[in-house]
Amino acid sequence: MISASAVDAYIEKNSRRFVDELKELCAFPSISNHGHDAVKPARDWLANRLGQFTNKVETFDAGGMPALYAEVPGSGRRKLLLYQHYDVQPVDPIDLWNSPPFEPVEKDGRIIARGVADDKSDVMARIHALETLKHLGEVPVTLRFLVEGEEEIGSKTFEKIAHQHADKLSADGCLWESGTSFDDAGRATLQFGCRGLLYVQLRVKMLDFDQHSGFASIYPSAAMYMIGALASLRDQDMNINLEGFYDKVVQPTAADRAMMATIDPEVEKRRQLIGFEKLVRTPQESQVIEQMLFTPTCNVAGVTTGYQGPGSKTVLPAEATAKLDFRLIPDQDPNDVLAQLRRHLDTHGFEKVEIVWSDAEKPARSDPASAVAKTVIECVTDLYGTPILWPFMPATGPMHPVVSDLGIPTVLPVGVGRPDNRIHAPNENIHAADYINTIRLMCRVWERFGAG
Ligand SMILES: [Zn+2]
């Protein structure tokens, strides 16, 4: 086993170059929303970097933005799957950037560039950890890199990729892209899953064209019809009326509750920041985190109908549209919820509401007591102190095919994530010191997991 001090010395000696190479990757405008040509140069560059350590580099193409795969054989018996993505979000609004998003700059110990936090630091830190261990000796665990190319546009072909290449992806554990990493108080955090998502667009058209509102006494209103349909879905306390909606919802276990008890819900801080008067269901402070994670939602993301310009316009709108998102918790299936929504509309007098399109990702949760989870918890404790553990994160990612279909225990480790990273927003940034620590943590986890 390579000593932690040798690892740290090598990383320290090469830290300037490591940061420069991260900036080199960040200079590629790999915006998946802009199509194939936008993402290919970053993928080619990465294929070349990984090719310096293994001849097993391939592209997995299932009809979307291709993923990059590389296997690095290790000396031990265990295998570890590493999930990251090389694509990034668009840069708009561009005027709010203080420097060009794809010309990485360093300022006050931070690196600023689109994608530097989400998720190019994970991609490069893992390559730099590989370089470090290879230089000092052996990699004790077989590493299987999967670098996705369309995470930021909903991972549409990821399930297909996971199923088609199940043998190449199989592993004893998976390190996902790092999540939140540090809370407001600077404490390290780990997560073991994510919530699912169903996104739908609804539309209702009652008339061929808008009418003078003097005729509202005889013509039906698309606006009221849509509002009625939306109001029938749930109440103000997030009790959702779709039949069968809660059937597959899991209850928190004693272990989940023990973990959640250590998370500070920071209600007062949130109140000052966000300005709410009271929380939904007015939970006790000790119940806030459980409610946040274990309550599935039905949220109106937007409604469009009629006139909203200056002054008045007496119009009876012909059409109304709405976008809804449902955050789902294990073991809800977004396909079931979509069918329940259709049935609900049809049986409650809203059959004229069309579901124009939908998009879905399934929820996932992994055992926080798995071997890989234990290893990560131990290494994070050594490096950062006792971490805060979340049963799963409130947000969504494409973890389900890996966790549930391939059955690989999965952890979202600590990376560069801080509350002020501005991911998906202008001036996305990380602390350079967090980047270097991410490389150190990776080396420790691989060494310890490989020894098992
Ligand atoms: Zn990401």
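The values are calculated or read from the model by the stated rules, or taken from the named source; none is laboratory data. Nothing here was measured: the structure is a model prediction, and the numbers come from that model. Cβ atoms come from the backbone with ideal geometry, glycine included; neighbour counts cover every protein chain shown. Surface accessibility is based on the protein's heavy atoms, side chains included, excluding ligands, DNA and RNA. Shrake-Rupley method; radii C 1.70, N 1.55, O 1.52, S 1.80 Å.
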Worksheet item: Measuring from centroid to centroid over Cα atoms, what is the spacing of segment 100-119 and segment 159-183 in Å?
Response: 26
Worksheet item: Do any chymotrypsin sites (Phe, Trp or Tyr not before Pro) in segment 1-70 lie in a loop, going by DSSP, with at most 13 other beta-carbon atoms within 10 Å of their beta carbon, and if so which?
Response: none
Worksheet item: When the accessible area of segment 253-297 is split by element with a 1.4 Å probe, what percent falls to carbon and sulfur?
Response: 56
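Calculate what fraction, in whole %, of the accessible area of segment 1-113 sits on carbon and sulfur atoms when a 1.4 Å probe is rolled over the protein chains. Provide the component values of the computation, followed by the final result.
Details: 2670 of 5400 Å².
Taking all protein chains in place, segment 1-113 shows 50 percent carbon and sulfur surface.
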Worksheet item: Given a Förster radius of 56 Å and the C-beta distance between L383 and K352 as r, what FRET efficiency does 1/(1 + (r/R0)^6) yield to the nearest 0.05?
Response: 0.45
Item to complete: Express in nm, to one decimal, how much length is gained between Q251 and D210 on full extension, taking 0.36 nm for each residue of separation and deducting their alpha carbon distance.
Response: 10.0 nm
Worksheet, complete the sentence: The extension gain from N98 to E12, computed as 0.36 nm times the residue separation minus the Cα-Cα distance, is 28.0 nm
Fill in: Positive-end residue, the chain charge dipole about Cα centroid, Cβ charges, pick of V105, A70, A395
A70
Worksheet item: Of all accessible surface on segment 140-232 at a 1.4 Å probe, what whole percent is carbon and sulfur?
Response: 56
Worksheet entry | 1.4 Å probe accessible area per residue over the chain, in Å² | 44
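Where does the longest stretch of the chain lie that holds no GluC sites (Glu not before Pro) found in a DSSP loop with 16 or fewer other Cβ atoms within 10 Å?
Value returned for the longest uninterrupted segment is 1-137.
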Discussion item. Could you work out how much longer the chain between K168 and K323 gets when fully extended? Use 0.36 nm per residue separation minus the Cα distance between them, nm to one decimal.
Written reply: 52.0 nm
Worksheet item: After finding the eigenvalues of the alpha carbon gyration tensor for the chain, what semi-axes result from the square roots of 5 times each, listed largest first in whole Å?
Response: 42, 24, 22
Worksheet item: Over segment 303-452, what is the mean sequence separation of C-alpha contacts under 8 Å (at least six apart), divided by residue count, expressed as relative contact order in percent?
Response: 19
